[in-house]
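Before any comments, here is the structure.
The values are calculated or read from the model by the stated rules, or taken from the named source; none is laboratory data. These figures come from a predicted structure and were not determined experimentally. Methodologically, a virtual Cβ is constructed for each residue, glycine included, from the backbone with ideal geometry; neighbour enumeration extends over all protein chains shown. Keep in mind that these areas ignore ligands, DNA and RNA; they rest on the heavy atoms of the full protein, side chains included. Shrake-Rupley method; radii C 1.70, N 1.55, O 1.52, S 1.80 Å.
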Amino acid sequence: MSKTNRGNFFEDFSVGQVIRHATPRTVTVGDVSLYSALYGTRFAVQSADSFAQAIGYPRAPVDDLLVFHVVFGKTVPDISLNAVANLGYAGGRFLAPVYPGDTLTAVSEVIGLRENSNGQSGVVYVRSVGFNQDGTEVLDYVRWVMVRKADTSRPAPEPVVPKLPAALAPDALGGAVPLLDIEGWRNDLAGSDARFADYQVGERIDHVDGMTVEEAEHMIATRLYQNTAKVHFNQFTEGQGRFGRRLIYGGHVISIARALSFNGLANVFHVAAINGGRHVAPLFAGLTVHAWTEVLDAQPLPGREDVGALRLRTIATKDRLTGDFPAKVATETGEDYDPSVILDLDYWALIPR
Amino acid sequence: MSKTNRGNFFEDFSVGQVIRHATPRTVTVGDVSLYSALYGTRFAVQSADSFAQAIGYPRAPVDDLLVFHVVFGKTVPDISLNAVANLGYAGGRFLAPVYPGDTLTAVSEVIGLRENSNGQSGVVYVRSVGFNQDGTEVLDYVRWVMVRKADTSRPAPEPVVPKLPAALAPDALGGAVPLLDIEGWRNDLAGSDARFADYQVGERIDHVDGMTVEEAEHMIATRLYQNTAKVHFNQFTEGQGRFGRRLIYGGHVISIARALSFNGLANVFHVAAINGGRHVAPLFAGLTVHAWTEVLDAQPLPGREDVGALRLRTIATKDRLTGDFPAKVATETGEDYDPSVILDLDYWALIPR
Amino acid sequence: MSKTNRGNFFEDFSVGQVIRHATPRTVTVGDVSLYSALYGTRFAVQSADSFAQAIGYPRAPVDDLLVFHVVFGKTVPDISLNAVANLGYAGGRFLAPVYPGDTLTAVSEVIGLRENSNGQSGVVYVRSVGFNQDGTEVLDYVRWVMVRKADTSRPAPEPVVPKLPAALAPDALGGAVPLLDIEGWRNDLAGSDARFADYQVGERIDHVDGMTVEEAEHMIATRLYQNTAKVHFNQFTEGQGRFGRRLIYGGHVISIARALSFNGLANVFHVAAINGGRHVAPLFAGLTVHAWTEVLDAQPLPGREDVGALRLRTIATKDRLTGDFPAKVATETGEDYDPSVILDLDYWALIPR
């Protein structure tokens, strides 16, 4: 029995395989403080018990993305330790609120496999589910990663590619938000007068502010999530690798972009679903992140008068201002992302009506 | 309606204007741990529930300067986002203790305005008040900042310059400290035998130790306080600016100096008032802070036998030892600060009698 | 009375002297979160209340090494502020569990003194004991440090060198672990199937992963422990010193090595004793730590069926992979450590049977 986990390779996965991940993690106010200090997030619901209680929460819930990162982190040692690339996310739903003191665990099911034509690697699709200590599902999402084969002589499995939704339907949203007493919502404390009806489909918002990332910060964050992917932590080996330096965890960029988006989306208090996300290019320490957002859709939630849902596309860049909304540019062969773009995220978020 | 906050400009302020700031913030033991880890503070009252309880607190109170920074941070998006310079503080009083779990909010009133003769900017005087979740005032202070005009064609307002006290009177001190059972104070655990009567007016104390500041540290601290001033976070834009690099939040220097002052002021457990403060010069990452303190005054508190007040002047330097107590130096035209000085802070602090 | 602590010199110590250290420290979930984020530790017992409760703890205990560092930190201002070198540890025992909310204090007794033949310095042996708020001993250990003399004309004291054990006996272990219900231990959640019987004496395990250390990280950690040793914090003075840069606290390396050892020792949940430890060479920021472990012994605990004890030797390196288990190498005059080795730690740890 080998005692060291060298991670799973492509041929170690099979469709239908269920993996219960180590290590359960109690999320505390200490984690909440660190999350605040790493990103400077200012959404009032997550920042203040008093604000959360005034609208019907028992106390301030844990930031949705902190929940996501903790659940994601658990999956890394089993799913993506030998990943060549994290290819995408889809169908991510926040299903129940998480409060300080709750303990999170994670289980993944392999829902698809497709070996690459080169026979060196393949794409693994997993649905990962995060649970709290009561066994309640708090989050699920699909991601797909390209994973190396260790033994390239092994035959390719029958390809199975799951059908994934382009976006969640509005009736799948809101499970993590109790029915709110919106009379208790104070715009002045939340930081904006703009409510659901004030956002227009097609509207684009530059979030103005920027955040430079230091090595210590992204490593502290990524360890907080117990994410063990080697590329984030080891300058000795990464210095000899493809980029010559440590790669920043893509989720760190998502959290920076979400925190920057407060300036323009202050009342957009809850990430309800991740429709899709792409880490377009890597981020390295010393570079500065800016972000802008386009409103893709706006929908009421079936049966709820308290909040509405905005489908948002947030794009983050490195070392480039976003006042002109950089995204894709025309190329000789079609179009591609502006070279400054590092993240293209499509998500549903909730805002008071 | 613009959804992005680009901050107020000089012409947006009027005397008597009251601004309720976003985002309320529940201060937790997580924030206390981060504050400890960022500054290495060792004052026993704030460090240990058992020590605090032995002298009559219900539990360890939150460090006074952490309260100050959180309240200050809330005012930044409304008051100083377009500030050219943070000119000074006066009349800062700590009015009630703050404990982990309390939620802080902040309100500011504009109490003075004076346009500069160049017509490009003006000085805004605000009194900011921090409240806890019960509406109790925990802190108030005046600060004045130089803010840019956006529309220089706007006429100058009638100048109003508030009369500010040079120092708080002793009877204004101590509101944040319950009547203490000083029999329970143990010098050995607190780290010094020097009590109120052992400090002499005019005495100068070199705090000996030094602390080098890293970019990650001051940004983590400043985000913890939800202070959004751009100059602290964005190397991409600051790299093209006046200093070519990020400026460190002046409050970070105050907290470093206070933590260093433990070595010489170990029993001086509570900052009761900020009489005045000046950020003489900016600090940048990679530089090392040292500090020294002069005792300006020593006064009993009216009606209290438990503690006395020391009026202290703490001076912090960058990359310079403080054994010779650097402050002002003679120049051809009078006197000016030694070029190493970055902070000149005048405050009242309490110590057991 | 000097108000500034310049630390004790060799001639200030006497055998039998008892020193009660400042500052008591309440350890909270905030400290636990920071510890997790600084090291990325993943041992399930300390990570999750639910896991700890399933085996009989009232809640997740505080990581043993966090307890060690907090107790150690208190001793620094009195014992090692003028230390030339931290020479070794022995006889360290974890005696009672520590939970968030407990307050730690520390007392040291001088148990040995031996002046060096050069008359410039001497070795001080202290036994330090950490207590919780109830006066229960939670930890004790012996360390010896070389301390400068301030007045070299003072005569050498009678040399007293304590007899120290090479290793703790198995019956001295386990005080910090309640009798566990091992039926509740789930290998899948803990991250490994390897239990006590699966480890063989002589077995060597490469922990594979590496961790690069940043200045901000080791300073945040060391301040969290309220350890005030100047060499860790002051680039201005250290830049002019022997190494030209800040030294990383040796305990930081121990915690990194312990966290890395999860990959191979996932079920080894508790450090029960530190038999001995040597900081073979200094670590500096920017370098990467790897580690490997040899099983030196495996013993049942007298009267307990729940857990067994492994005596482990963990060696950490800087900027060198550990797949070939670097330790000592032959030299012309005998043998010495491989130049990459920075830590050689001998400890007992507990694992479910």
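Considering only A:119, A:92, A:334, the mean-square fluctuation computed in a Gaussian network model of chain A, springs between alpha carbons under 10 angstrom, is largest for A:334. Result for chain C in a Gaussian network model with C-alpha springs under 10 Å: among C:32, C:107, C:161, the largest mean-square fluctuation is at C:161. Close amide-amide hydrogen proximity is noted between residue C:85 and C:146, each under 5 Å apart and 5 or more residues distant or on a separate chain (H modeled in the peptide plane; Pro and chain starts excluded). Across segment C:232-247, rounded Karplus estimates of 3J(HN,Hα) from the backbone phi angles (6.51 cos²θ - 1.76 cosθ + 1.60, θ = phi - 60°) give 8, 10, 10, 5, 5, 7, 5, x, 9, x, 4, 9, x, 7, 5, 8 Hz, Gly and Pro being marked x.
Over all pairs of different C-alpha atoms in segment B:151-206, the reciprocal of the mean inverse distance, the Kirkwood hydrodynamic radius, equals 17.0 Å. Taking a point 7 Å from the Cα of residue B:328 along the Cα-to-Cβ direction, the residues of segment B:338-353 with backbone N closer than 12 Å to it are B:338. Kirkwood analysis of the Cα pair distances in segment A:87-181 returns a hydrodynamic radius of 15.3 Å. Computed over the alpha carbons of segment B:1-68, Rg followed by Dmax gives 18.5, 55 Å. Once the cut-off is 26 Å, how many percent of the Cα-Cα pairs in segment C:10-352 end up in the long-distance tail? Here the tail beyond 26 Å accounts for 49 percent of pairs. The distance between label points at residue A:197 and residue B:59 comes to 4.3 nm (points 7 Å beyond Cα on the Cα→Cβ vector). Could you tell me the calculated FRET efficiency between residue B:336 and residue A:204, based on Cβ-Cβ distance and R0 = 41 angstrom, to the nearest 0.05? Here the calculated transfer efficiency is 0.25. Using the Stokes-Einstein relation with a Kirkwood hydrodynamic radius computed over Cα pairs, the translational diffusion coefficient of the protein assembly as shown at 10 °C and a viscosity of 1.306 mPa s comes to 53 µm²/s. The B and C chains share an interface that buries close to 3200 Å² of accessible area, total over both sides, probe 1.4 Å. Taking A:54, A:291, A:309 in turn, the Gaussian network model of chain A (Cα-Cα springs below 10 Å) assigns the largest fluctuation to A:54. The mean number of Cβ atoms from other chains found within 10 Å of a Cβ in peptide C:202-209 is 3, as a whole number.
Across C:287, C:179, A:65, the residue with the most accessible area heads the list, and the full order at a 1.4 Å probe is C:179, C:287, A:65.
Would you mind giving the mean number of other chain beta-carbons within 10 Å of the Cβ of each residue in B:221-230, as a whole number?
Other-chain Cβ atoms within 10 Å of each residue's Cβ, averaged: 4.
So what's the projected area for segment B:13-147, the Cα convex hull averaged over all directions, in nm²? Over every viewing direction, the Cα hull of segment B:13-147 projects on average to 8.7 nm².
Anything over 19 Å Cα to Cα? Flag those among B:3/B:149; B:74/B:230; B:318/C:230; A:230/C:318, in the order listed. Over 19 Å apart, Cα to Cα: B:3/B:149.
Surface calculation, 1.4 Å probe, protein heavy atoms: residue C:158 sits at approximately 140 Å² accessible.
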